[in-house]
Structure formats: C-alpha cells, structure tokens
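Q: Dropping a structure here in structure tokens format, bear with me for questions.
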Amino acid sequence: MTEARYIDIKRFAVHDGPGIRTTLFLKGCSLRCIWCHNPESRFPQPELAIHYPKCTCCGECAKVCFCHKIINGVHEFDRQACKACGQCTQTCPSGALELFGRTITVNEAAAKLLEDRIFYGNGGGITLSGGEPLLHSGFCTELLKKMQDEGIHGAVDTCGNVPWSAFERVLPYTDLFLYDFKCADAEKHRRLTGCGNELILENLKKLDATRKNIEIRMMLAPEQNMAPDDLQAAGKFLAPFKNISAIRLLAYHSLAHSKFRAVGHPDTLPDVPSPDAETLDRAAEILRSCGVKKVVNSLN
Amino acid sequence: MKNYAKFDELRPKLEKQYENAVYSTEDCRTEDQLRQAWETHKKENPDEERILSRAFLIALILRHAPVVAEPFNPFPGKFQTFGLLQEDLKAGYKLAAEKVPGVICNGIDMDLGFNWMVDRSHVAPDWKNLLTLGLPGLIKRAAKGTSPFHKAVLVVYEALAEFCRRIAVINHNPVYEEIAAHAPKTLHEAFALAYILHDAIEFSGEEVRTMGRFDSLYIDFYRADLAAGRLTRESAKELLKFFWTAFYARYQGKRFGKNFCFGPDINELSYLGMETYYEMNTVDPKLSVLVREDMPQDFAELYARCIRDDRTAIVSLNYDVVVAGLIRHGRTPEDAATFVPIGCYEPAVAGKEISCSGSTHIYLPIPLLSVINSGKDYATFEDFKTGYLEQIRKISTLMQEKQTLCDLAWKYVNPVPLLSGTFDSCMEKARDISDAGALYNTTGCVCSYLADAVDSLEAVRFLVYEQKLCTLPELRQILKDNWEGHEKLRTAVLRNHAKWGNNDTQVDALAVEIASFVSQLLFNLPNGRGGSFFPSLYGQLVVERGKMIGALPSGRLAGEPMSKNMDAVIGMDRNGITGLMNSVLKVDMRQFPCGTCLDIMLHPSAVRGDDGVQILVSLIRTFIAHGGSGIQFNIFDAAVLRDAQIHPEKYENLQVRVCGWNVRFTDLDSAAQETFIRQAEAIA
Ligand code: SF4
Ligand code: SF4
Ligand code: SF4
C-alpha cells in the first residue's frame, strides 16, 4: 500500500481552496523559503517538535528518553540523538511534544478525508498540501483518484518546483491547482527560496495548456517580493495565462517563530511587518494594471 | 403614518424610555385610589374565582393607572402598576399552596439532579387570531360565553381597548383609536396591537417568549400599505426599527431577548426584516430562522452576513426536523407545520400549544455521581451504565410527581385571560391557559449537560473497566477529593482522546444511547395538565449550575462551568467544528420535540469576506441537510482571545488563520498571540 509522511490533517480548512475542505499536509519540500510558514514540513524525515510555550518542564519526557533533559528549569533537547520514534509524546501531560512525519497509507488518508464529506457539499472538497505534496505524486495520484471516485472535489496546493511528470500523474484526478508564485525574477527567487524559478514557471505554462483550473497564490512580504518592480514583473508574466481563475494575495506574517524553534531549524523569518488590507489592495492595483484579471485580496 | 422624527436621531431616547419615563397625572388614579379600589373589590368578593379577581385587577390598572404616551414614540403605552400585580402574584402562590397540598412551586434537588417549577416564562398568544380578529373581535367572541373564564376575558379585553383609547388621546395618535375600534388594517396598527398585548401579558406576570412568525404574520399588512401608498420600503424599515426598539427598551438587552421568527416561507418582508436587523445591530430582539432546504440562497446569505458581522443573536432551526419531531409526538401534520419557537429553541404549535418548556430539568451528570456514591459494585461497564440509566428513570418519576403538582397549581398562581382569550381552544373549553385550556398542554424537560455526562461515563469505562487505573470506590474518593492528589490520573482522563464532540464512534454511541433513553423515558409521560412531558436537549446556566455540581469522572473539577447545549466540554472538541457537528448529527433530533441546540464558535478570520458568508451558509445548510436542528454561532472577539492567553488549556480547539494556513491559537508564542488580539480589537 502506498504511503507518505504527513504533518497534519486540518479539518474545516476554509482558506485552502473553495468552500469547506479538509487539508492533508504532507512532509518534505523542495524549496527553502526564508518565510516558510510550515518549517516542520520541509524535511522529508520525521521530526520531534517541542512546543516550548506549553512545556512546564515537568520532566516526564526525560524519564522515558535521554534526549530530553531538564537542567535548572530549562528543557534541553539533544536533537542529534533523537530518532524521532515519538515515544516521548505519549508521556507529556501538557501536550508540548508532537511528532511530525508519521506515515499514512492512501486508504487511511482517504478514510480520514471522507469523515467530513458531508461538509464538502456546497463547493468544498479536499486539498493536498505540504510541504510539497507532489514530492509524493504516487500517493497523491491514488488518493485523488479515490476522492474523484467518491465525487469529491480535489485540490493540490503546490510550489511548482517538481518534475513535470509529477503534475502529469495527478492531472486527471485534480480539479484545482493552488499554485504558489513567489516572484518572477530567477535570481531573487533563488535568494528567497534557495532555488531558481525556471522549472516553476515552465510547469505553470504547461499546466495552463492543460486547461486545468489554476488559482495563483502570492504571499507578499514587504522588502522581499512586493516592490512595484516585483509586482509588475509578476503581473506581466501572469497576464497571458488563460486558465487562472484568480490570483489570491496573502499577507506575510512573522508568526511562525515558535514553529522554527519547535523543530530546531535556524529561524529565517524576515523581520518585516505584516502587510495590511490596504497594502494588499495597492499591490492588487499594480497587478491589474499589468492586465491581470481577478485579483483577490485575502484580507478583504 | 404620522410623521415621526428619524429613528436614528430618536434611538437613544427610545432606548432609555423606561428609565426616563414620566407618567401622566391626568386621566388616572393615584396609587392610593387604586389600592383602595382593589381592597374594596376583594372585600366585597371574598369567594371570587382566582381568574376573575386577577382580571379585575388587570382591568383596574389598564383603565386607571398612570401611563406614559410620548408623542414622539410610535409605540408608546408604558403603564405604572405600583407593584400591585406583583403583590397579587405572591398571593397567588400562597393560594396555590393551600389548594394544592404538597406543592413546591419552584424546587431543585441537586443531590439527585433535577428541578421543577411553575413555569411562567414560556407562553405566547395566538398572534394570528389577534391580528385577524382585533380587539373588538376578541371582545365579541368573549361576550358570547357565560363562564367565569369568558367573563374574565371580556373584562380584560374591554379594559385593554379602553387603554388604547387613553393612549390615543394622550399620544394624539389615531392608530390607537383604530385598534380599539376594529381589527388592524395597516402595518403600524398591527405592530401597535401586538406590542400592546405583549406588554399587557408581561405585566400580568407571564413572559411572552415569541412574537410569532414575523414575515408571514405581517406580510399582508405590508403589501396593503405599499399598494395604498401609506408606506414605502424605506419607511416600513423605519417603522420596524421603532417597533423592535420598544422591546429592547424594556430590558436593555439584559434578559432573554424577544424572539421574532422568520421563515420557512421567505417573502419580501423576510428580506426587509433581516436587512433592518443588520442595520440596527442590536442584541434584542433575537431572531430564529426556520430553515428548509428550499430557502433562497440570497436570503441565507443575508442572515449569515448578520451572524458573521457580530449580529449573532440568531438561531437556525431545521423546519422539517422539528415538524417531524412534533408529529412523532402526537401533533397533527397541519398543527406541527405552524410551530414557532416559544423560548430559545423550543418549538410549540402556534396558538394551540403552551409548552412550559422550562418547567423541569434533568442534570444528566448527577445521576452518574449518585450511582458512584451508592457504594454498589458493578462487575462490568455495561452493568454500570445500566445502573446509571436506571437512576435517571428513578429521578424522572420523582420529577413527574413534583411537577404534576406545579402543573395543577398554575391556575391558582396566575391565570392569564389576556393570553387565553386569543386561543380558540380556551374559548371552546372555557378554560384558561393555566388551567389546561390549550389544545396541547406540554411540560418541557430540559435534559442538560450531555457532554459532561457522556465524557464522565466514558471516563468510568476508561479508568475503572478498561485501563483499571482505579476501582469504583477509589473513584468515589477521588471525586470527593475534587481530584486533589490524583493529578496524574486526572491528566490521563483529560488526555484520553475519547470525548464527546470528536466524531468518535464509541463515545458518540454512548451519547446516542443516553439521548434515546431519556427521550423514550419521557415519551408520553403524562403531566398534570392533561398533556405530556416533552424532552429537549440543551444545557444552560452553565456557570450557575456548575457551581452547584461536584467533581466529575470526566476530570471536571467541582464548580467549573458545565457544557453548553449539545456542545463538547470546553476545549474537548479537539477535531474542530466538523468533528463536533459529526458527533452531534448522530443524535436523532426528532426525539426532542422541545428543542435542541448546538453552539459553534468561529474565529472571525474563518468567515471573512464574501467567501466567509458562504462558509457560514454551507455550515448551516450542511447541518440542516443532515438532520441537525438548532444551531447558532459565536465569532470570537479580542476579549476571548485574551482569556485564551491566560487559560490556553480551555481553548485548545481555537484555530487562527495566519496566512495561507491555520494554526491553533495556543501554539503561537505570546507575541504572535498579541498580534491576533490587536487584529481582533481592530475588527471590533
Ligand atoms: S514552499 Fe512552502 S513549505 Fe516549502 S519552504 Fe516554501 S513556504 Fe515552506
Ligand atoms: S522522539 Fe523518541 S528518540 Fe526522540 S526524544 Fe522522543 S522518545 Fe527520544
Ligand atoms: S513532559 Fe512535556 S511538559 Fe514535561 S518536560 Fe517534557 S515536554 Fe515539558
């Protein structure tokens, strides 16, 4: 049975595509965005997260595993030694320990997603997200097919940085692609995500040619990717596409600090304010002036 | 319509009209004179039937008490009662104690877990009759009878007509002259008549809990006014604002709120009313919307938008499910179809049923404690559960005994001819509402705190029978200790993910079993008014009652609030609202003809924008389409988030939208939480 590692199943997801949805977040990503909102989803392997604000330093976890130590009222954790077996998560009375990257089979995932099927009725459905779900294209294909057989709308939330073959596999079973667009300039893209955008832009063109419904998602962060130049370049690139139903502008928030800390990754979140609704409105105007239609401000 | 100043300008004044009321001194008697008249009457008629003496007093006040009838107010008519009606109500209770030996008119037994009372707060007149017959019609009808009841009705309605004429003079308002003289013809007259009767009934000691189906009751008046050029759509909205504010003014939004019902047939007035409600942004009146699958999408969006934008005093009820439940419990299909909620969520056949829906309560977790405290041993969980259900049966019998006496006492406590005179059945039977005059004389039994009961039952299974972490006697001690010294065990229970409200097969089956059991138990259980008990499934007064309830096996500490309505215990619906709704939908709501309700809490970001309105509509429609009944919403605000910062353990299910994703509020660090709080404050 095909399986994949996942980090979470989000029910009543109302911002991952139309209507009420359930979103499955798979683990592993091919980009390393500095503003990553889900740092726990980037590495393919399982990781233990410690939600420090919840930890009371009671020491229960230290009793079951030497990786945890409470020294002078501080919770010290030896991540190098941790095998991410998840045992300690059972012992924590305050729910401060969480294992990201448990495996799930297609059947298990399908069963979970179907639990909320009655809510998908009015235009909702399921969304596969991540990380980058298409790194698990086999799993996604099987799962989306099952959903399609059940008459459920399936969306894929992708950063686009995967071989085209991955898209090809899921294409017949996907109703909507939520496609991240970080910035048009390749160099800048490399700086912001650790990777150029050639493949991403190429895939987007190919996807557009398949006539699949695409919604572009642009997360805008001040001083990073929302200068007028950035927006104009993006607008010019996106204007000619035929099957983009909407370009949704999302506002960057530096709210993931605690998550970086929880999984022990170096915190790369840029220290810039979150754009407000008017700022996004102005960005939307610039995009429209380049001939892009249907720009949606997610803050309105 | 007479010309009034703009509603917006008058609103502050109207809202404070009771505080600043200046009563007229002309055309009325002083307190002393009124008291004297009342004393003389009692002396001269020592053996008068209760209903006649009550009618005399009401009439005396309507005819001669000082009134306020400010000319700026299209719905004037406050009157001064000098506490006379209240005093006489006390006398009524005294009389009841003499006439019905052993009666306790308002009792509670928190050891066994139930209460009972003479419920004077769940009635409504037959609005349709009132508006069609008008006061003269009602008077004519009463004059045909010869019974003391008919006489009482005649006395109060003639006095009410006189009261209208008094206002007409002081207020220089022909509307009041008109409604004294004939059935209402215009929207203003119809509103004025409904308001006058409502107020008079309330002053006579019964709480009118619904103003009926707003859109269908008033549509003909509205259409006629439009056709005749008496009103425009805008001036009708203005009139409605005045009308609704009259209700607000009475309690300033500090009581139950006056219910106006919308649907299930949606017409122009439904839209007008809902728009007006949005514009007013008030806590009182409150609305209930009877939802059927064919509800037009634009109307669904209109009222969902109210809810989304903080006008959350709206409950949606599933029309088809309620009707089916009423039919199952002996109402004819034609009668069931006309129901209105005669309380927060409690359906009753309009103009034919008095539900007394708040008469009795069974506090479901308490019998569980009784079983644990009994010292009896139960070999298996099944045995234990049976013991629990049997204990519920036991208290239901006691409850029936106590309540039956209350049912018999009502007619001595407070006959209500002002109300009964609108009921066809009362006029035919020559009996007051309080004396089983309605066609359907129901006694409500509110089965409360389901989640606490279910989670506790499940905890007993977990602790005593499955994991064997403690024995029943040990559990008894633990609860006596209020879990002190047993923190680890408590954590184990709290962390045990089997809780009501998470779409968990095993736990939900327990809930379904308890619900079916109590519903069966009460099915056709006779009350003291020739009707029967009707169960409902919701829980209120969660803080007040919580203070009276000891520690529970669920891990709840003594004194903590109880679970609300059909909700999970606070913080225990860890799978979010879809998990909660999936659990709740397993209960057959038709088993609860006296109502059910689920409360959903949402973060404003989940319902932002036009998409957010659609999300709300989807939630409501999904719930309704799958057999749910009452559902209402809370959109969290900053104050709640602030509390969540201090008590994160209570808000584990609160999710927030960060950007293109959601996180649990409690997983954010405090700086991030602060950001959200500021955002929430900005929305407010
Ligand atoms: S694509 Fe998404 S998951 Fe991957 S690194 Fe960027 S923000 Fe994180
Ligand atoms: S996940 Fe396993 S190896 Fe890692 S700290 Fe916990 S118990 Fe130890
Ligand atoms: S068990 Fe949990 S609360 Fe206790 S020290 Fe470990 S992580 Fe912290």
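Just so it is clear, none of the values below were taken in a lab; they were calculated from the coordinates. If you're wondering where the values come from, they're calculated on a predicted model, not measured in any experiment. Cβ coordinates were reconstructed from backbone atoms using ideal geometry, including for glycine residues, and neighbour counts include every protein chain displayed.
Q: Sorted by average packing, counted as other Cβ atoms within 10 angstrom per residue and highest first, what order do A:227-233, A:135-141 take? It would help to have the intermediate numbers written out before the result.
A: Details: A:227-233: 16.6, A:135-141: 22.1.
The densest-packed peptide leads the list: A:135-141, A:227-233.
Q: Calculate the length of the line joining the C-alpha centroid of segment A:13-60 to that of segment A:183-257, in whole Å.
A: 22
Q: Given the options B:A97, B:W116, B:F149, identify the residue whose Cα lies farthest towards the positive end of the charge dipole of segment B:51-172 (+1 on Cβ of Lys, Arg; -1 on Cβ of Asp, Glu).
A: So the residue we want is B:F149.
Q: What are the ³J(HN,Hα) couplings of segment A:127-143, residue after residue, when phi is run through the Karplus curve with 6.51, -1.76, 1.60 and θ = phi - 60°? Round to Hz, x for glycine and proline.
A: My calculation for segment A:127-143 gives 10, 9, 9, x, x, 10, x, 6, 5, 10, 5, x, 4, 4, 4, 4, 5 Hz in order.
Q: Using Cα atoms only, what is the angle between the long axis of helix B:319-328 and the major principal axis of chain B, expressed in degrees (0 to 90) to the nearest 10?
A: 90
Q: Amide H to amide H under 5 Å from A:G264: which residues, 5+ apart in sequence or cross-chain, H placed 1.01 Å off N in plane?
A: Placed amide hydrogens put nothing under 5 Å from A:G264.
Q: Quick one: angle between helix B:148-171 and the longest Cα principal axis of chain B, in degrees between 0 and 90, rounded to 10, please.
A: 70
Q: Using only atoms on other chains, find how many Cβ atoms lie within 10 Å of each Cβ of peptide A:271-278 and report the average.
A: Details: counts 0, 0, 1, 4, 0, 2, 0, 0.
For this peptide, the per-residue mean of nearby foreign Cβ atoms is 1.
Q: Using alpha-carbon positions, what is the distance between the centroids of segment B:48-76 and segment B:349-421, in Å?
A: 37
Q: Would you mind calculating the relative contact order of chain A from Cα pairs under 8 angstrom and at least 6 residues apart, reporting the percent as a whole number? Intermediate results must be reported in sequence, preceding the final value.
A: Details: 608 pairs, mean separation 56.8, N = 300.
Taking the mean separation of contacting Cα pairs over the length of chain A, I get 19 percent.
Q: Starting from the amide H of B:M601, placed 1.01 Å from N in the peptide plane, find each other amide H under 5 Å away whose residue is 5 or more places distant or on another chain.
A: B:N634
Q: In the protein assembly as shown, what % of DSSP beta bridges are antiparallel (nearest 5)? Provide the component values of the computation, followed by the final result.
A: On the way: 32 of 88 bridges.
Counting DSSP beta bridges with both partners in the protein assembly as shown, the antiparallel share is about 35 percent.
Q: Can you tell me the length gained on complete extension of the stretch B:D377 to B:E19, counting 0.36 nm per residue apart and subtracting the Cα distance? It would help to have the intermediate numbers written out before the result.
A: Details: separation 358, 0.36 × 358 = 128.88 nm, distance 6.04 nm.
Full-extension gain reported as 122.8 nm.
Q: Could I ask something else about it? Take peptides B:517-530, B:445-458 and line them up by average Cβ neighbours within 10 Å, highest first, as a rough protection proxy. Can you show the working numbers first?
A: Values: B:517-530: 18.7, B:445-458: 29.3.
Answer by packing, highest mean first, reads B:445-458, B:517-530.
Q: Can you tell me the mean projection area, over all orientations, of the convex hull of segment B:326-468's alpha carbons? Units nm², please.
A: Working: hull surface 42.5 nm².
Convex hull of Cα atoms, orientation-averaged projection: 10.6 nm².
Q: Right, here's the next one. Can you give the FRET efficiency for A:I34 and A:A227, using 1/(1 + (r/R0)^6), R0 = 22 Å, r = Cβ-Cβ distance, to the nearest 0.05?
A: On the way: r = 16 Å, r/R0 = 0.73.
The computed FRET efficiency comes out at 0.85.
Q: Peptides B:149-162, B:390-403: what's the order by average Cβ count within 10 Å, highest mean first? Mind showing how you got there, number by number?
A: Numbers: B:149-162: 23.1, B:390-403: 18.1.
Ranking, from highest mean packing down: B:149-162, B:390-403.
Q: Can you figure out the FRET efficiency of B:D424 with B:R223, using R₀ = 22 Å and their beta-carbon distance, to the nearest 0.05?
A: For R0 = 22 Å, the calculated efficiency reads 0.25.
Q: Just checking the output field for B:233-243: average partner chain Cβ neighbours within 10 Å of each residue's Cβ?
A: 0
Q: Another question about this same structure. List the residues whose amide H sits under 5 Å from the amide H of B:G212, counting only those 5 or more places along or on another chain, with H placed 1.01 Å from N in the peptide plane.
A: Close amide H contacts, sequence-distant or interchain: B:C261.
Q: To the nearest 20 debye, what charge dipole does segment B:311-423 have about its Cα centre, counting +1 at the Cβ of each Lys and Arg and -1 at the Cβ of each Asp and Glu?
A: 220
Q: Here is a further query. To the nearest 20 Debye, how big is the dipole of the protein assembly as shown about its Cα centre, given +1 on the beta carbon of each Lys and Arg and -1 on that of each Asp and Glu? Don't jump to the answer; show the numbers that get you there.
A: Working: 111 positive and 123 negative charges, 103 e Å.
I would put it at about 500 debye.
Q: Charges at C-beta only: +1 for Lys and Arg, -1 for Asp and Glu. How large is the resulting dipole of segment A:50-100 about its Cα centre, in Debye rounded to 20?
A: Details: 5 positive and 4 negative charges, 10 e Å.
Approximately 40 debye in magnitude.
Q: A further question on this structure: Give the residue from A:L192, A:A262, A:G160 lying farthest towards the positive end of the charge dipole for chain A; charges sit on Cβ (+1 for Lys and Arg, -1 for Asp and Glu) and the dipole is referred to the Cα centre.
A: A:G160
Q: How shielded is B:573-583 by partner chains, expressed as the average number of their Cβ atoms within 10 Å of its Cβ atoms?
A: The per-residue average across the peptide is 4.
Q: Residue by residue, what Karplus-based ³J(HN,Hα) values in Hz, rounded to whole numbers, does segment B:347-353 have, using 6.51, -1.76 and 1.60 with θ = phi - 60° and x for Gly and Pro?
A: x, 8, 5, 4, x, 10, 10
Q: Same structure again: Compute the angle between helix B:50-64 and the longest alpha-carbon principal axis of chain B, please, reported from 0 to 90 degrees and rounded to the nearest 10.
A: In chain B, helix B:50-64 runs at an angle near 60 degrees to the longest axis.
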